[in-house]
1. Of the residues in region 6-22, how many are at pLDDT below 90 and farther than 23 Å from residue 66 by Cβ?
2. If a residue must be surrounded by 10 or more Cβ atoms within 10 Å (Cβ to Cβ) and not in a helix (DSSP H, G or I), how many such residues does region 8-28 contain?
3. Any residue in region 48-64 that is of a type in the set (A, V, I, L, M) and part of a helix (DSSP H, G or I)?
4. Would you confirm whether any residue within region 38-61 is of a type in the set (Asp, Glu), surrounded by 10 or more Cβ atoms within 10 Å (Cβ to Cβ) and under 16 Å from the mean Cα position of the chain (by Cα)?
5. Look at region 36-80 and say how many of its residues are of a type in the set (Lys, Arg) and modelled with pLDDT of 95 or more.
Amino acid sequence: MEAKHLILLGIVAILMVLPLILKPNAEFGGADDAAEGVIEKVDPNYHPWFEPIWEPPSGEIESLLFALQAAIGAIIIGYYIGYFRAKSQYSQ
């Protein structure tokens, strides 16, 4: 592995661990929950325009579906990056 890859991995590890060290008892919530709280403060009478078609039965399943969506997106992006990189290498 090149040195720049190791440096980048080290930076990523620091960014992952640093919040846990600086705020050990903090609650790391999602942006959706934060936005909902702000909307309730700004306009307590606000009603959403529509309701979801299907509500996941639990928060764990919702997290699973979100992670699956992210994984599929990462696979597609990784495939295209690898494809075009290999295409440019073999065309030279």
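The values are calculated or read from the model by the stated rules, or taken from the named source; none is laboratory data. Since the structure is predicted, the reported quantities are computational estimates derived from the model, not experimental observations. Don't worry about glycine lacking a Cβ; one is built from the backbone with ideal geometry, like all the others, and counts go over all protein chains shown.
1. Count: 0.
2. Residues meeting the conditions: 1.
3. Looking through region 48-64, at least one residue is of a type in the set (A, V, I, L, M) and part of a helix (DSSP H, G or I).
4. no
5. Looking only at that region, the number is 0.
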